1. For residue B:62, are the conditions met, namely being at pLDDT below 90, open to solvent by 30 Å² or more (accessible area, probe 1.4 Å) and more than 22 Å from residue A:130 (Cα to Cα)?
2. With the checklist (1) without any contact (Cβ under 8 Å) to a residue 12 or more places away in the chain; (2) surrounded by fewer than 18 Cβ atoms within 10 Å (Cβ to Cβ) in hand, flag the one item residue B:207 doesn't pass.
3. Can you tell me which of (1) open to solvent by 10 Å² or more (accessible area, probe 1.4 Å); (2) over 16 Å from the mean Cα position of the chain (by Cα); (3) more than 10 Å from chain A (Cβ to nearest Cβ) is the one residue B:280 doesn't meet?
4. Tell me, which residue of segment A:209-233 that is facing another protein chain (nearest Cβ under 9 Å) and aromatic (Phe, Trp, Tyr) is surrounded by the most Cβ atoms within 10 Å (Cβ to Cβ)?
5. Out of A:36, A:76, which single residue is surrounded by 19 or more Cβ atoms within 10 Å (Cβ to Cβ), away from every other protein chain (no Cβ under 12 Å) and at pLDDT 90 or above?
6. Residues of segment B:164-203 being hydrophobic (A, V, I, L, M, F, W, C), closer than 30 Å to residue B:242 by Cβ and crowded, with 21+ Cβ neighbours inside 10 Å, which ones?
7. Can you report the number of residues in segment B:52-95 which are out of contact with any Leu (no Cβ under 9 Å at 6 or more places or on another chain) and without any contact (Cβ under 8 Å) to a residue 60 or more places away in the chain?
8. Please count how many residues of segment B:114-154 are in a helix (DSSP H, G or I) and crowded, with 16+ Cβ neighbours inside 10 Å.
Amino acid sequence: MYHKTLPYRIFNIVNTCFLLAVALMCVIPLIHVLAVSFSAKSAADGNLVGLWPVDFSTVAYEKTIDNPVFLHSLWVAVKRTVIGTAGILVVACLAAYPLSKENAQFRGRSVYAWVFVFTMIFNGGLVPFYIVIQSLHLIDSFWVLVLPGLVNVWLIILLMNFFRGVPKELEEAALIDGAGHLGILARVYLPVSLPALATLGLFAMVWHWNSWFDGLLYLSNKQDYPLATYLQTVIVSRDMSSMSFSKQEFDLLSQKTINAAQIFIGALPVLIVYPFLQKFFVKGLVMGSVKE
Amino acid sequence: MRYLRRTWPFHLMILPALALLIVFNYIPMGGIVMAFQDYKPWLHISGSEWIGLDNFRALFEREDSLQVIWNTFLISVFKIVFNLLTPFAFAILLNEVRARFLGRTIQTLVYLPHFLSWVILGGILVEFLSSDGGFVNRVLHELFGIKPIFFLGDGNWFRFTVVVSEVWKEFGYGTIVFLAALANINPSLYEAAEMDGASRWRQTLHITIPSLVPMAIVVGTLSLGNILNAGFDQIFNLYNSLVMDKGDIIDTFVYRTAINDGQFGFATAVGLFKSVISMVLIVISYRLAYKLANYRVF
């Protein structure tokens with residue numbers, strides 16, 4: 001029994017400590033940014049903040065919440081995430097159902113499958129895509145954030161694999177009862193696929209919330225940016241034109257603490273759904289990728 | 001006719017996705033003809049001048065584009081290697097943690113960065129790694145007396161930082177498939193080894209590692225398709241003019257030549273060069289993964 005030997009016990013303790021240290025390193029930058037966001041200007045600008053706030057202050061959050069541009073981008077992000085996620089799920093369910101059929105039942109299935117998969121391995125590139133968006137008059141429209149992402153082939157494949165595990169007998173019984181395929185999808189497949197749909201929905205939500213490049217490329221008006229794009233321009237590209245300070249405020253506020261607060265608010269929704277996501281995604285990933 | 005009567009609901013259900021794919025994926029593919037044009041937006045594709053392979057010739061003659069291809073290759077090779085080895089080792093070590101609660105906690109923490117975007121992480125890292133009193137430089141100075149390191153301001157350090165931060169973000173997520181493979185190992189193998197008096201180290205060497213090799217082959221070969229994909233989001237949110245010579249990659253180069261310089265035809269040619277090579281590599285790697293480890297996506 002190796003578990004009880006002394007060398008293994010020592011190894012186990014050292015190993016566990018090592019892994020815990022590595023795991024902590026994965027979240028230390030987040031903890032640091034949280035600490036900075038709750039610190040006072042002098043401490044943050046003087047680089048005195050480590051992993052705990054120095055001279056606790058919520059002024060950075062107050063200023064952020066007061067910024068109408070920030071609030072509006074938050075609203076755009078919520079809107080695109082809700083509408084986009086719902087759309088992705090509807091399109092994915094409708095497409096995954098026929099694709100999950102046997103070739104004998106749905107000839108033409110493999111042609112469709114290749115049409116879908118080909119888009120995963122080849123694309124026209126940045127400029128041709130931009131021209132198509134332009135000729136569809138989607139530039140500066142909210143819908144440019146939703147429509148191009150509606151078909152997520154990766155999620156469709158995951159869902160297709162899940163649908164294949166649904167017992168055929170259920171479908172056959174419903175067909176004999178005279179149900180149509182749309183009815184079967186809605187009343188037989190969807191109820192048993194709720195955990196899978198929840199996983200896919202969470203993935204789609206995180207994807208939408210994190211998307212920033214489409215906003216940067218296709219929206220010229222900064223007021224229309226979703227939060228991720230706003231953060232990209234304000235924090236990464238350091239474009240301060242949408243922030244306004246009075247002289248007094250400037251003495252009280254530090255760009256560092258405000259940036260930290262905005263970053264943390266931007267990460268917060270992901271942190272909130274993360275525990276739910278984690279509960280599902282290990283199963284979901286394995287269900288889609290590790291098939292014997 | 002009979003076929004259509006039986007399957008029309010299927011075609012109808014696929015239609016929305018198919019229509020969207022045609023509009024947003026297949027029609028743009030037609031636009032790659034721009035790679036053979038001196039494209040001018042006001043002349044459109046129909047009116048722009050055809051210049052044959054001049055854009056591709058420029059791609060292989062311009063010093064900046066050759067440098068960019070080399071940067072991309074170098075950065076992505078290091079990313080691929082360490083994104084394979086780190087999860088492999090981490091999964092084996094994590095598998096030895098017997099306390100379930102601790103194991104779960106470690107998993108929760110290491111998966112997290114995968115879900116945060118490079119905008120968030122870029123914003124954090126620029127401050128965190130700053131040479132002017134950033135957290136990491138402060139810690140290094142206090143512990144080892146090291147002078148401030150220009151993680152994002154020096155070309156070589158930038159490459160290093162890009163690879164390390166990518167592995168930092170993704171290794172946890174990468175362990176999932178290896179942990180799944182570990183859970184599938186037949187326990188009787190270990191029991192038999194135990195009977196023969198094999199130490200845990202020998203069991204790891206002769207049972208655990210060989211059982212993970214097929215999965216490592218799959219992950220490794222499938223990542224070959226990324227060899228020209230050094231990570232647009234990450235580089236775009238971390239780079240600056242100081243590290244342009246060593247940190248610029250194909251995707252950021254395409255973006256800048258198109259959006260900032262207006263060289264649309266050339267940018268499309270560079271993008272096409274990347275897409276075609278990536279596609280060939282992906283097809284080869286999936287065939288390899290199927291041959292070597294019997295892996296299929298669908």
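The values are calculated or read from the model by the stated rules, or taken from the named source; none is laboratory data. In this text the structure is predicted, and so the values were computed from the model without any measurement. Using ideal geometry, Cβ is built from the backbone for each residue, glycine included, and neighbour counts are taken over all protein chains shown. Side chains are part of the model used for accessible areas, which takes the heavy atoms of the whole protein and leaves out ligands, DNA and RNA. Shrake-Rupley method; radii C 1.70, N 1.55, O 1.52, S 1.80 Å.
1. no
2. So residue B:207 meets the others, but not (1).
3. The number of the failed condition is (3).
4. Taking the candidates together, the pick is A:212.
5. Working: A:36 fails: away from every other protein chain (no Cβ under 12 Å).
Among A:36, A:76, only A:76 is surrounded by 19 or more Cβ atoms within 10 Å (Cβ to Cβ), away from every other protein chain (no Cβ under 12 Å) and at pLDDT 90 or above.
6. Answer for segment B:164-203, where residues must be hydrophobic (A, V, I, L, M, F, W, C), closer than 30 Å to residue B:242 by Cβ and crowded, with 21+ Cβ neighbours inside 10 Å: just B:171.
7. The total comes to 11.
8. Residues of segment B:114-154 that are in a helix (DSSP H, G or I), as a first pass: B:114-115, B:118-128, B:135-144.
Next cut, crowded, with 16+ Cβ neighbours inside 10 Å only: B:114-115, B:118-128, B:135-138.
Result for segment B:114-154: 17.
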